[in-house]
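Asks: The following block contains the structure, expressed as structure tokens.
Throughout, read-outs are computed from the coordinates displayed, never taken from laboratory work. Just so we're clear, the structure is a prediction, and the values are computed from it rather than from any experiment. Using ideal geometry, Cβ is built from the backbone for each residue, glycine included, and neighbour counts are taken over all protein chains shown.
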Amino acid sequence: MGLTKDENPFLGYRAIRFCLDRKEDVYKPQLRALLRASAYGNIKIMVPMVTCIEELREAKALIEEIKKELDEKNIPYKKNIEVGIMVETAAASLMADVFAKEAAFFSIGTNDLTQYTMSVDRGNDKVSYLYSTFNPAVLRSIKRIITCGREAGIMVGMCGEAASDPLMIPLLLAFGLNEFSMSASAILYSRKLITSYSIGELQAVADKAMSFATAAEVEAYMREFAARA
């Protein structure tokens, strides 16, 4: 694809940055295919690795441009297709209230959100001890994203390992997460957990968990709660 090597690929030329730079040969064909497929099933479009509102606006403008092209050719598609974002950068988390006004939904990418929030390459053994979704900074970020989405009336989902972690599920429920994405093997157990809690109980647990200053304290407390539940 003619790509040059990035010294730091996690912070480089990838995802929406690449797509918006390669509109004609890469991004537009993908978006056109999604729109055409939307006539036959329930499809949404999600913009990955967003860091600023201009990226979402440019992607949405491109989608509208393709819609006009399809209309001119009488090709069917879902007129009101939802366009949301993957919230996986610290910038998107901090600007979640702004994004919530223009995105149809949020999907929290916990793996990358944790990595970018903690400035940790999770594949680097020397610093991997810092990589934890239970870190208070990560939890505050997740809570903020969910709160901003709920206040704007949009769906907030989560993908990544945290969505099926039995120690995280109580916190995510208390924060108000709408949708949990996980592997098929985790669904039954996760559903059992979700239906066994009361909101009042979980809110108290979440408030206590958010009062701790370290990831170890939060995780230890959640293990105690899970053992009692």
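A quick yes/no check of all residues on (1) hydroxyl-bearing (Ser, Thr, Tyr); (2) within 28 Å of Arg223 (Cα to Cα):
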site	(1), (2)
Val83	no, no
Gly109	no, yes
Asp112	no, yes
Tyr116	yes, yes
Ser119	yes, yes
Tyr131	yes, yes
Val138	no, yes
Ala163	no, yes
Leu171	no, yes
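Asks: Go through Arg150, Arg191 for me and flag whichever is over 14 Å from Thr110 (Cβ atoms), surrounded by 14 or more Cβ atoms within 10 Å (Cβ to Cβ) and of a type in the set (Lys, Arg).
Replies: Arg150
Asks: For segment 208-229, check the following and say yes or no: at least one residue is part of a helix (DSSP H, G or I), within 23 Å of Ala100 (Cβ to Cβ) and in contact with a helix residue (DSSP H, G or I) (Cβ under 7 Å, 6 or more places away or on another chain).
Replies: no
Asks: Further question on the same structure: I need a count of the residues in segment 95-107 that are closer than 23 Å to Thr133 by Cα and surrounded by 15 or more Cβ atoms within 10 Å (Cβ to Cβ).
Replies: 7
Asks: Then there's this: Out of Phe106, Phe134, which single residue is out of contact with any Phe, Trp or Tyr (no Cβ under 8 Å at 6 or more places or on another chain) and outside any helix (DSSP H, G or I)?
Replies: Going through Phe106, Phe134 in turn, just one is out of contact with any Phe, Trp or Tyr (no Cβ under 8 Å at 6 or more places or on another chain) and outside any helix (DSSP H, G or I): Phe134.
Asks: Can you go through Val87, Val127, Val138, Val83 and tell me which one is touching a Ser or Thr at 6+ places or on another chain (Cβ under 9 Å), over 25 Å from Val205 (Cβ atoms) and not basic (Lys, Arg)?
Replies: None of the others qualify; the one that does is Val127.
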